[in-house]
Amino acid sequence: MTPPRAAAERDPGLQPERTRLAWRRTTLTGAVIAVLAVKSALHGGAPPSGIVAAALCTGVWLGLLGLAHRRIGALAAPRPVALAPRAAVTAVLCAVALAVCGVALVL
Amino acid sequence: MIEFVRNVRLWFAPEEIREEGGTPDYRFSLANERTFLAWLRTALALIGGGFAVDQFLPDLRWGWRVGLALALLGAGVLCALRAVNHWVRCERAMRRGEDLPVSRFPAALGLVVAVVAIAMVALVLLGWEG
């Protein structure tokens, strides 16, 4: 992570830092869900469909991680621009994809 | 509902949001982003609850187990979609200088979580016969 260039202008409320940590918490929550999903998918002898579901959930989590990484990089700017709607939608689609995997595993 | 469809279009058209009004102080946008992420974590927690019910209550009758898991997963999906929708509405309201949108969603979600919790307590107390 590059250090903020204009340290003198830094927001005293540490808003970019708090937002960065919020992204980190979100990826950690995603990691917990991915672990639960993989555990559920590989339960009972790892059938081929379970392996596919586990790979999908891991991929979705890696996607969320990459998204958070890019956003955290953008937050290091002195005056970060607002989150792009596309990034917000992608993050939500990651959550929805995990839920869809969950439905497939439950049924 | 029509309002919701109009917002869905905005999810994918960032330039349309930027055309409206003026750019608010970046700190307000960051606060809005954190609120969005907090709702997204709430959604992920509900989805995790769905996985947990399915995995850690294996003695529960099939119908109850699947019903509870699907209810939690569905609540998680709703919560995630609503998170991005609310984020877009707040972002637009800030650009236009309007009041932030109000919502019944937190109260509804609280009620749903309470009902699910009571159902689970009842299932645990009344036994597991399946």
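The values are calculated or read from the model by the stated rules, or taken from the named source; none is laboratory data. Because the structure is a prediction, the values reported are computed rather than measured. We place every Cβ from the backbone using ideal geometry, glycine too, and count neighbours over all the protein chains shown. Accessible surface areas use protein heavy atoms only, side chains included; no ligands, DNA or RNA. Shrake-Rupley method; radii C 1.70, N 1.55, O 1.52, S 1.80 Å.
Some values worked out for this structure:
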quantity	calculated
Test: residue in region B:57-74 that is open to solvent by less than 10 Å² (accessible area, probe 1.4 Å) and within 22 Å of A:T27 (Cα to Cα)	yes
Residue ID - nearest to B:A117 (Cα to Cα), chosen from residues in region B:51-98 that are of a type in the set (D, E) and at pLDDT below 90	B:D54
Residue check, B:A119 touching a residue at least 24 places away in the same chain (Cβ under 8 Å), under 30 Å from A:G44 (Cβ atoms) and within 15 Å of the chain's Cα centre (by Cα)	no
2 or more residues more than 30 Å from A:E17 (Cβ to Cβ), of a type in the set (A, V, I, L, M) and facing chain A (nearest Cβ under 8 Å): qualifying helices (runs of 4 or more DSSP H) within region B:1-96	B:62-96
Selection from region A:28-56 of residues that are under 12 Å from B:G48 (Cβ atoms) and either among the charged types (D, E, K, R) or surrounded by 20 or more Cβ atoms within 10 Å (Cβ to Cβ) (or both)	A:T29, A:G30, A:I33, A:A34, A:L36, A:A37, A:K39, A:S40
Hey, B:D59 over 23 Å from B:E33 (Cβ atoms) and among the charged types (D, E, K, R) or not	yes
First in region B:79-108 and under 22 Å from A:L93 (Cβ atoms), second anywhere and among the charged types (D, E, K, R), Cβ under 7 Å, 6 or more apart	B:R92/B:E20; B:F105/B:R82
Subset of region B:24-44 (residues that are open to solvent by 10 Å² or more (accessible area, probe 1.4 Å) and without any contact (Cβ under 8 Å) to a residue 12 or more places away in the chain)	B:D25, B:Y26, B:R27, B:A31, B:R34, B:A38, B:R41
Positions within region B:99-130 being open to solvent by 80 Å² or more (accessible area, probe 1.4 Å) and more than 17 Å from B:T35 (Cβ to Cβ), in sequence order	B:L111, B:V115, B:I118, B:V121, B:L125, B:L126, B:W128, B:E129, B:G130
